[in-house]
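No value in this document is a laboratory result; all are computed from the given coordinates. Fair warning: this is a prediction, and the values are worked out from it, not measured in the lab. Every residue, glycine among them, receives a Cβ derived from its backbone with ideal geometry; neighbour counts consider all protein chains shown.
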Amino acid sequence: MVFFLTIFPLVGIVGTSFYIYFYGVVWQEPILLLSFWFISGMGITMGYHRLFSHKSYQTNVFLEWVLMIFGSLALENTILKWSSDHRKHHNKPESEDDPYSITKGFWYAHIGWVVENTDEEKNKIMGVKDLEKKSAVRFQSKYYLYIAVVFGFIVPFLIGLSYGRPIGAVLWGSFLRITLVHHATFFINSLCHYVGRRTYDLESTARDSWFMSLFTFGEGYHNYHHKFPSDFRNGISWFAFDPSKWFINILSFTGITKNLRRTKEYLIFKSKFESIHKSMNTILFSIDESHKSFYDEKIKTLIQSANEIINAWKESDKIMSDMSTFKQYKSELKKIYKDLKKISKNLKKESLVLSS
Ligand SMILES: [Zn+2]
Ligand SMILES: [Zn+2]
């Protein structure tokens, strides 16, 4: 494993640089890189992650096979091993059983866990019996390396052969592309547990980063994802860059994908209010009593109003009230959240002044 994870970036970056120096670049090569990056990346996010590991939507056998082949191109092991590790990561985050626990450090969560020798018991594939029933998964388990080599190396080689530069095609479309896919995925386990906002769960190490989403087909919204792992979306706002969500959604109009799992909106609001409340409480501890009681009262009143609206929303949801009711709840909650954010900002300033 160490060998492969060294050879790919080495050949991908150094080899491609030398190739460019001696033979230049033709337009087909960056296109090959981008298209194979897109295909293999989506195979991981839309396939391995959201379909197989989390079952956040359903699809037909044909798309399962397509996503299995696309995901195999990323060379990130089989669906069974990937999903087994990933389900452990979600079920027992930051514990001894989390295969890429951030508590063991940035480097370990990024790549160390793949290259270090993990004991056999921990490496075992478990908790994926449901996936073993799928024909695409069973086929992949038997012929994983053949699929990866044929589609990941031979196909780019043949494409390159068609315009007379097969070596360049393999350097761009296989080695450099695999390096990018690998490290983009690794960054979700490392960087996305390190930098970014914790809007939905303050206690999780997972964080939301729109920047990381640009390279990971939407997986940068990791705090939301850890809070609501079975949601087919990671970036929930309409402007959040989450191509995996867009594709799953578009395909649902044709019936190819179905039963898309969306977290109820009032639950999302609930998590946001809980998170901001906790973060403000920690600041309140650090300021003096007179300021503390002033802010505390304001915060409590707002949180109480928010909870009342959330409970009313929950009740109306059961009896399927009309859309205008939900819209009203939403706008009221948005306003309260905005007010809380303002207070939070002032509190931070205040605690800085007092501590200086
Ligand atoms: Zn994570
Ligand atoms: Zn996940």
| message | How much length would be gained if the chain were fully extended between Lys104 and Thr254, taking 0.36 nm per residue of separation minus their Cα-Cα distance, in nm to one decimal? | response | 49.6 nm
| task | Using packing as a proxy for protection, rank 182-193, 330-341 so that the peptide with the highest average count of other Cβ atoms within 10 Å comes first. | result | 182-193, 330-341
| Mean ellipticity per residue at 222 nm, deg cm²/dmol - from DSSP H runs of n ≥ 4 across the chain, formula -39500 (n - 2.57) | -18500 deg cm²/dmol
| Working out 0.36 nm times the residue gap between Tyr337 and Phe239, then minus their Cα-Cα distance, what length gain in nm do you get to one decimal? | 33.3 nm
| In the structure shown, do any of Lys270/Lys327; Lys270/Lys318; Lys270/Lys314; Lys104/Lys272; Lys55/Lys133; Lys55/Lys264 have a Cα-Cα gap over 19 Å, and if so which? | Lys104/Lys272
| message | Quick check for me: using +1 on Lys/Arg Cβ and -1 on Asp/Glu Cβ, what's the dipole size of the range 265-355 about its Cα centre, in debye to the nearest 20? | response | 380 debye
| request: Can you tell me which of 40-47, 306-313 comes out highest on packing, and rank the rest after it, using the mean Cβ neighbours within 10 Å? | output: 40-47, 306-313
| Segment Ile13-Glu96, extension gain: residue separation times 0.36 nm, minus the distance between their alpha carbons | 26.4 nm
| Under unit Cβ charges (Lys, Arg +1; Asp, Glu -1), what dipole magnitude, rounded to 20 debye, does the chain have relative to its Cα centre? | 820 debye
| request: Taking a cut-off of 20 Å between Cα atoms, list the aspartates and glutamates near Lys341, but don't count ones fewer than 8 places away on the same chain. | output: Asp201, Glu203, Asp208, Glu265, Glu274, Asp296, Glu297, Glu308, Glu332, Glu350
| task | Among His277, His86, rank each residue by its count of other Cβ atoms within 10 Å, from fewest to most, as a rough exposure measure. | result | His277, His86
| message | If I take all pairs of Cα atoms in the chain, what percentage of them are more than 39 Å from each other? | response | 26 percent
| remark: the chain: relative contact order from alpha carbon pairs under 8 Å, six or more residues apart, as a whole percent, is 17 percent
